[in-house]
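The values are calculated or read from the model by the stated rules, or taken from the named source; none is laboratory data. This is a predicted model, so every value here is computed, not measured. Every residue, glycine among them, receives a Cβ derived from its backbone with ideal geometry; neighbour counts consider all protein chains shown.
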Amino acid sequence: MEKGRNVPGGGDGRSGVKSSFAAGVAALVFLVIGYQSALFIHKASVLKILGNKDAPDTVFVIDKALAESILKPLSAERLETMRKTVRGKDVYAVRKESPHSPEVMAVRSKAAPKSVENFRFDPNTVAVPDLVRLGFTQRQAVSIDNYRKKGGIFRRKSDFAKSFVVADSVYARLEPYIDIPLLDINLADSAAFDRLPGIGGYFASEMIRFRRRLGGSYSNKEQLMDIRRFDREKFDALSDLITVGKSHIRPYPLWTLPADSLKLHPYIGSYAARGIVLYRENNPREDWTVEALAEAGILKPEMAARLSGCLIEEIF
């Protein structure tokens with residue numbers, strides 16, 4: 001095109017470009033206005049639905065003493081969210097939800113601000129709704145639950161932190177509230193032992209069998225290392241996950257069992273069992289001690305030391 005010539009249809013090229021640009025700007029302005037109008041109408045509709053609830057909720061305001069007596073099942077954190085101060089006095093506002101239509105409930109659930117709570121929980125048993133209360137989305141809560149249903153176990157707090165749906169910031173907030181109970185090795189069955197790290201079916205069965213030989217209970221968790229091939233490395237891998245509750249220890253009846261029962265104990269055997277019975281028959285009751293059995297040569301020093309670690313039933 002030669003400089004200065006008019007384009008077909010009259011006018012120069014610059015005026016055509018300006019007209020197209022103006023039309024584009026006008027279209028964009030109308031698009032923005034339309035979008036803002038749609039947002040306004042949607043928000044107004046939501047507010048209208050929320051305002052036209054089927055029936056108003058009932059709010060009961062009660063004093064502190066009454067709240068503590070009838071709301072005991074609630075956690076302290078939950079109670080705190082209900083506390084209000086009216087004229088310098090602590091009261092509790094308890095809301096009773098009225099029945100609403102499904103449509104209203106759907107809109108309310110989406111429009112209501114999400115509240116986050118902190119309370120003690122076991123990640124292996126906490127329900128999906130409670131996970132949502134802790135700050136997880138419904139999808140994240142279901143993901144955690146699916147992991148558990150497939151056999152996943154959170155043995156330690158750090159295991160929960162490794163879950164891909166648990167953000168570092170969320171874990172930092174929840175870590176003080178994670179409560180994973182220790183496994184009492186006197187109450188555990190073979191399946192519970194099998195779930196411990198490094199313990200398969202063989203050692204789970206051996207842990208049950210050894211507990212039976214001890215008289216029905218472990219007196220301390222270190223006794224696991226007296227099981228054949230159960231070494232320090234295996235013990236250290238699970239020692240922080242187990243415990244021995246004092247109330248579940250059965251005192252061993254060393255001074256009343258017959259020889260054929262005594263010989264089954266892993267620290268006694270056939271020879272010492274016969275010697276213990278003979279010692280009881282030939283010595284006064286006040287001399288019946290594990291140390292005395294060792295001094296008499298009935299128990300080897302090593303076995304006497306291990307037997308001393310057992311809770312022995314007292315004779316009166």
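Of note:
- Inter-residue pairs, beta-carbon under 8 Å, first in contact (Cβ under 8 Å) with a residue 60 or more places away in the chain and in segment 247-259, second outside any loop (DSSP other than H, G, I, E, B) and surrounded by 14 or more Cβ atoms within 10 Å (Cβ to Cβ), 6+ apart: HIS248/ASP184; PRO251/ILE312; TYR252/ILE312; TRP255/ARG280; TRP255/ILE312
- Of the helices (runs of 4 or more DSSP H) that lie entirely inside segment 171-270, not one contains 2 or more residues that are assigned by TED's automatic domain parsing to the domain that holds PHE160, touching a His at 6+ places or on another chain (Cβ under 8 Å) and not acidic (Asp, Glu).
- Scanning segment 271-297 for residues that are among the β-branched types (Val, Ile, Thr), more than 24 Å from GLU222 (Cβ to Cβ) and in a loop (DSSP other than H, G, I, E, B) yields a count of 0.
- Some residue of segment 273-280 being within 25 Å of LEU187 (Cβ to Cβ), surrounded by 13 or more Cβ atoms within 10 Å (Cβ to Cβ) and not small (Gly, Ala, Ser): no
- Restricting attention to segment 207-222, the residues that are in contact with a Gly (Cβ under 7 Å, 6 or more places away or on another chain) and not small (Gly, Ala, Ser) total 1.
- The set of residues from segment 298-316 being assigned to a loop (DSSP other than H, G, I, E, B) and over 41 Å from the mean Cα position of the chain (by Cα) comprises ILE298, LEU299, LYS300, ILE315, PHE316.
- Residues located in segment 143-160, provided they are in contact (Cβ under 8 Å) with a residue 12 or more places away in the chain and of a type in the set (Ser, Thr, Tyr): SER143, TYR147
- Residues that are more than 37 Å from the chain's Cα centre (by Cα) and within 14 Å of SER219 (Cα to Cα) within segment 255-270 comprise HIS265, TYR267, listed in sequence order.
- Scanning segment 228-274 for residues that are in contact with a helix residue (DSSP H, G or I) (Cβ under 7 Å, 6 or more places away or on another chain), closer than 17 Å to ARG211 by Cβ and of a type in the set (Gly, Ala, Ser) turns up just one, SER239.
A quick yes/no check of all residues on (1) closer than 30 Å to GLU313 by Cβ; (2) among the charged types (D, E, K, R):
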| position | (1), (2) |
| --- | --- |
| PHE121 | no, no |
| THR125 | no, no |
| SER143 | no, no |
| LEU187 | yes, no |
| ARG195 | no, yes |
| SER205 | yes, no |
| ASP231 | no, yes |
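- Lone qualifier among TYR202, TYR177, TYR252 - being hydroxyl-bearing (Ser, Thr, Tyr) and surrounded by 16 or more Cβ atoms within 10 Å (Cβ to Cβ): TYR252
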